[in-house]
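Structure first, then comments.
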Amino acid sequence: MSEATVDSTVDSSRRTWLITSCAMGGVGAAAVAVPFVSTFQPSERAKAAGAAIEVDVSAIPPGEKVVVEWRGKPVWVMRRTPEQLAALEKIEADLADPNSDRKAYPTPEYAKNRHRSIKPEILVAVGICTHLGCSPGDKLTPGPQPSLPDNWQGGFLCACHGSTFDVAGRVFKNKPAPDNLEIPPHYYTSETTVLIGEEKKA
């Protein structure tokens, strides 16, 4: 066998070894990278601790709400009807804090309006009574009902101690709850998606 033949045999086996080593290294790198990249997604524990959550508001029918969890709290995302929005002005004299000026649960500037929201038809509020932490129930049908005034325009009733809130989460006068429902930080990432837990960066 000539010297040239021996050299080509050696080079060929080295080449095969290099290709195999590179391929195995690539597979190993991918195996390490996939779990690493997946850690970029917030875990359920992180979400409960305060990671922002997205909600598609286009799927909510008028007059209904969905409940999502943020920081361990129930957050209501409600699509109000034109009639519900019109009723907000009629009851302002009956409210304890119609302009959301109280400081116990500061209302973000972008929600300091009659409807307490960025988009008038969409309410985003923490569904926890500001009195002792119960969750108010829906009393969205207008008119006289047990535990509600005769001129009831629709809203929420906390069955624990009788606090009532309008469909903007504003508390009525002479009720145990000291403040309006909390409005969490939020902004719209698109026309139909709201991100709860963060405010829009300037």
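If each residue of separation counts as 0.36 nm, what is the full-extension length gain between Ser147 and Val66 once their alpha-carbon separation is subtracted?
On the way: separation 81, 0.36 × 81 = 29.16 nm, distance 2.45 nm.
Net length gain for the segment: 26.7 nm.
In the structure shown, the pairs Lys119/Lys175; Lys90/Lys200; Lys173/Lys201; Lys103/Lys201; Lys65/Lys200; Lys139/Lys201 are assessed against 26 Å; a Cα-Cα span above that value is assigned to Lys119/Lys175; Lys90/Lys200; Lys173/Lys201; Lys139/Lys201. Near Cys129, the amide H atoms lying under 5 Å from its own belong to Cys134, Ser135; only residues 5 or more places off or on other chains count, and H is placed 1.01 Å from N. Taken over the Cα atoms of the stretch 44-131, the convex hull encloses 112 Å³ per residue.
Using DSSP to call loops (not H, G, I, E or B), can you name the trypsin sites (Lys or Arg not before Pro) in the stretch 51-137 whose Cβ has at most 15 other Cβ atoms within 10 angstrom? Sparse-neighbourhood loop trypsin sites (Lys or Arg not before Pro): Arg71, Arg102, Lys103, Lys112. The modelled label-to-label distance for the pair Ala96/Ser135, using points 7 Å beyond Cα in the direction of Cβ, is 2.2 nm. Coupling constants for the stretch 149-164 follow from the phi torsions by the Karplus curve (6.51 cos²θ - 1.76 cosθ + 1.60, θ = phi - 60°), and in residue order they are x, 5, 8, 4, 9, x, x, 9, 10, 8, 5, 4, 9, x, 5, 10 Hz; glycine and proline get x.
In a reduced charge model with +1 at each Lys and Arg Cβ and -1 at each Asp and Glu Cβ, the stretch 42-156 shows a dipole moment near 340 debye about its Cα centre. In the stretch 82-133, taking the dipole from charged Cβ atoms about the Cα centre, the farthest positive-side position among Asn113, Ile128, Ala87 is held by Ile128.
Across the stretch 118-200, counting alpha-carbon atoms alone, Rg and Dmax equal 14.0, 42 Å. The average projected area of the stretch 55-202, computed from the convex hull of its Cα atoms over all directions, is 8.3 nm². Residue-wise HN-Hα couplings along the stretch 104-116, as the Karplus relation 6.51 cos²θ - 1.76 cosθ + 1.60 with θ = phi - 60° gives them from phi, are 4, 10, x, 8, x, 4, 6, 10, 8, 8, 4, 8, 6 Hz; Gly and Pro carry x.
All of the numbers you see were taken from the coordinates with simple rules; none came from a lab. Bear in mind that the values here come from a model prediction, so they are computed numbers and not experimental data. Here the Cβ is made from the backbone with ideal geometry for all residues, glycine too, and neighbour counts use every protein chain on show.
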